[in-house]
1. Under a Cβ-Cβ cut-off of 11 Å, what is the net charge of the residues other than S119 that fall near it, where Lys and Arg count +1 and Asp and Glu count -1?
2. Let me check I've understood the local charge: for T77, count other residues with C-beta under 11 angstrom from its C-beta, Lys and Arg +1, Asp and Glu -1. What total comes out?
3. Give me the extension gain from K138 to L157: residue separation times 0.36 nm, minus the current Cα-Cα distance, reported in nm with one decimal.
4. Which length gain, in nm to one decimal place, applies between L18 and L121 when the Cα-Cα distance is subtracted from 0.36 nm times their residue separation?
5. Counting only residues 5 or more places away or on other chains, whose amide H sits under 5 Å from the amide H of V141 once H atoms are built in the peptide plane?
6. Determine the sum of side-chain charges near V156: Lys and Arg each +1, Asp and Glu each -1, restricted to other residues whose C-beta is under 13 angstrom from that of V156.
7. Calculate the spin-label point distance for T50 paired with L70, positioning each point 7 Å from the Cα along the beta-carbon direction, and give it in nanometres.
8. How much length would be gained if the chain were fully extended between I113 and I97, taking 0.36 nm per residue of separation minus their Cα-Cα distance, in nm to one decimal?
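Only the coordinates and a few stated rules stand behind these numbers; no lab work does. This structure is a prediction, so every number in the text was calculated from the model and none was measured. Positions of Cβ are generated from backbone atoms using ideal geometry, with glycine treated the same way; all protein chains shown enter the neighbour counts.
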Amino acid sequence: MNTNASMIDRFFAVLFDLLTFLGLASGVAMLTLSFSEIDTEVKETATLSTTELLKLFGILVLVYFVLDVLLVRIFATTPGKLAMNCDVDFHRGNSMIYCIIRSFFRVICLFTIIPAIFSYLSASANIDSQTFHDRIAKTNVTNSTRMPRWVGVVIVLLGITLLVFFIVNHHDVFGLNIKLGLPDFKIFTF
């Protein structure tokens with residue numbers, strides 16, 4: 001019998017998902033920066049303008065939404081949930097429309113901080129531990145998964161590695177003055 005996942009597991013699952021999807025979105029952003037007109041603008045100015053930062057944020061939100069929809073639809077879990085041994089249980093069936101509705105409201109709650117806080121506070125007080133997006137889509141997050149946990153851990157680590165690689169190689173683009181000395185190592189250079 002599946003029981004509902006604890007809010008601590010769900011918090012870390014969301015954190016791991018955010019880091020993983022941010023890493024994957026930074027990989028998309030690296031391709032965008034290297035194959036578009038943004039690359040020439042960045043080389044001239046050395047920092048991104050507000051418009052380019054909004055484009056990168058849009059890439060993050062879009063990648064997060066698409067990956068959340070696809071992974072929950074296909075595997076009924078995300079890398080963060082898998083790493084924390086959680087799964088999404090659909091009460092009305094795992095159809096694409098419910099996955100889209102769930103992911104849409106999840107993205108809204110996640111990227112607008114105040115609704116996210118209220119959503120998780122209400123879920124911790126709710127007997128079924130359902131957040132706003134779970135209530136709307138009629139889903140529960142359970143504390144068991146159908147896939148091996150190590151798969152989620154590997155995907156999370158790969159996403160975090162991509163994120164670190166992006167920050168090390170493109171920190172000057174964001175106006176960050178980081179002197180780690182990491183680009184001197186051959187692993188961080190192309």
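1. +2
2. On the way: positive: R73, K81, R146, R149; negative: D17, D68, D87, D89.
Residues near T77 contribute 0 overall.
3. On the way: separation 19, 0.36 × 19 = 6.84 nm, distance 3.05 nm.
Additional length available on full extension: 3.8 nm.
4. Taking 0.36 nm per residue and subtracting the Cα distance, the gain is 35.2 nm.
5. When sequence neighbours closer than 5 places are left aside, the close amide H contacts are A5, D89.
6. Details: positive: K81, R149; negative: D17.
Value of the local net charge: +1.
7. 3.3 nm
8. 3.3 nm
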